[in-house]
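A.B. asks: My questions will all concern the structure given below.
The values are calculated or read from the model by the stated rules, or taken from the named source; none is laboratory data. What you are looking at is a predicted structure, and each value in this text was computed from that prediction instead of being measured. Here the Cβ positions follow ideal geometry from the backbone for every residue, glycine too, while neighbour counts run over all protein chains shown.
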Amino acid sequence: MMSFGDDVDDGLGDRNDFLQELIDREELSGAALGVTKVVIAKGEKALSGGQKDVFKLVLDVYVTELCPRHGYRIPWGEMYHFHSSGQCCYCERDDARIHKE
Ligand SMILES: [Zn+2]
């Protein structure tokens with residue numbers, strides 16, 4: 001038996017938190033919901049070919065690697081916020097500055 005965490009790198013725990021947030025906010029349904037639950041519980045390696053395709057679509061919809069305005073690499077902890085607002089922390093700082101002037 002493989003010990004849990006063998007090939008878990010630093011970002012994956014945070015990614016699971018993000019995926020859990022999508023579930024908690026009822027963003028996902030049907031196959032996307034089922035597949036995401038499997039990824040959280042068992043990791044992506046547990047997915048079949050078809051399930052991997054579904055999970056890839058989930059990532060395509062909800063994950064943005066870099067802020068297009070700042071080239072800022074968005075951490076998992078800020079990913080849902082970016083998805084819902086379209087703003088990274090630098091975008092918000094810029095906008096706050098504009099509103100102040
Ligand atoms: Zn930004």
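A.B. asks: Would you call G50 assigned to a loop (DSSP other than H, G, I, E, B) and not aromatic (F, W, Y)? Full working, then the answer.
C.D. replies: Details: assigned to a loop (DSSP other than H, G, I, E, B): no; not aromatic (F, W, Y): yes.
No.
A.B. asks: Moving on to the next point. Hey, could you check segment 58-99 for residues that are among the polar types (S, T, N, Q) and not in a loop (DSSP other than H, G, I, E, B) and say which is nearest to I40 (Cα to Cα)?
C.D. replies: So the residue we want is S84.
A.B. asks: May I ask you to verify whether F18 is aromatic (F, W, Y) and either within 12 Å of the ligand (Cβ to nearest atom) or assigned to a loop (DSSP other than H, G, I, E, B) (or both)?
C.D. replies: On the way: aromatic (F, W, Y): yes; either within 12 Å of the ligand (Cβ to nearest atom) or assigned to a loop (DSSP other than H, G, I, E, B) (or both): no.
No: the conditions fail for F18.
A.B. asks: What's the number of the only condition in (1) surrounded by 13 or more Cβ atoms within 10 Å (Cβ to Cβ); (2) more than 11 Å from the ligand (Cβ to nearest atom); (3) among the hydroxyl-bearing types (S, T, Y); (4) outside the structural domain of L22 (by TED's automatic domain parsing) that S84 fails to meet?
C.D. replies: (1)
A.B. asks: Here's a check for you: in segment 21-47, which residue that is part of a helix (DSSP H, G or I) and touching a residue at least 24 places away in the same chain (Cβ under 8 Å) is farthest from H83 (Cα to Cα)?
C.D. replies: Residue satisfying both the conditions and the ranking: I40.
A.B. asks: Sticking with this one: Take segment 14-38 and flag every residue that is farther than 11 Å from Y62 by Cβ, under 12 Å from the mean Cα position of the chain (by Cα) and aliphatic (A, V, I, L, M).
C.D. replies: Within segment 14-38, I23 is the sole residue that qualifies.
A.B. asks: Can you name the number of the only condition in (1) within 16 Å of the ligand (Cβ to nearest atom); (2) surrounded by fewer than 17 Cβ atoms within 10 Å (Cβ to Cβ); (3) not charged (D, E, K, R) that S29 fails?
C.D. replies: With respect to (1) within 16 Å of the ligand (Cβ to nearest atom); (2) surrounded by fewer than 17 Cβ atoms within 10 Å (Cβ to Cβ); (3) not charged (D, E, K, R), S29 is out only on (1).
A.B. asks: Return the total of residues in segment 40-82 being of a type outside the set (G, A, S) and under 12 Å from the mean Cα position of the chain (by Cα).
C.D. replies: To start, the set of residues in segment 40-82 that are of a type outside the set (G, A, S) comprises 40, 42, 44-45, 47, 51-70, 72-76, 78-82.
When the remaining residues are screened for being under 12 Å from the mean Cα position of the chain (by Cα), the result is 40, 55-65, 74-76, 78-82.
The qualifying residues number 20.
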